Amino acid sequence: MNKGHLIEKVAKEAGISKVAADHAIDSVLAGVCDGLRRGERVTFVGFGTFSITERRARTGRNPQTGAPIKIAAKKAVRFTTGKKLNQVVNRNGKK
């Protein structure tokens, strides 16, 4: 499923136009991004939690030459699934 498919599904199930569904989805995603940018955890009960984790600097290897390379420290987004999402996935998508 891609964003276009999701827009169609939201528009159909909510009884709104595709343009309105697109704006709603964009607003939700912007809210998630804003929360993460501020260092907050973003939780959708039953679905999951987005959070920021710190990755420390480390030494890696160039796979072609084997030469060591320095990998800088950075922040990464982490997603932890919620109970309902786990149940859906483990039942092969059956409700």
Somewhere in the range 71-83, is a residue within 23 Å of G31 (Cβ to Cβ) and touching a residue at least 40 places away in the same chain (Cβ under 8 Å)? yes
Listed by first then second residue, the pairs whose first member lies in the range 34-63 and is under 16 Å from T81 (Cα atoms) and in contact (Cβ under 8 Å) with a residue 12 or more places away in the chain, whose partner is of a type in the set (A, V, I, L, M, F, W, C) and loosely packed, with under 10 Cβ neighbours inside 10 Å, with beta carbons under 7 Å and at least 6 positions apart or on separate chains, are T53/A76
Among the strands (runs of 3 or more DSSP E) confined wholly to the range 1-64, which include 1 or more residues that are loosely packed, with under 11 Cβ neighbours inside 10 Å? 48-55, 58-61
Qualifying position, being β-branched (V, I, T) and modelled with pLDDT under 95, among V89, V28: V89
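The values are calculated or read from the model by the stated rules, or taken from the named source; none is laboratory data. These numbers were taken from a predicted model, which means no experiment stands behind them. Positions of Cβ are backbone-derived with ideal geometry, glycine not excepted, and every protein chain shown enters the neighbour counts.
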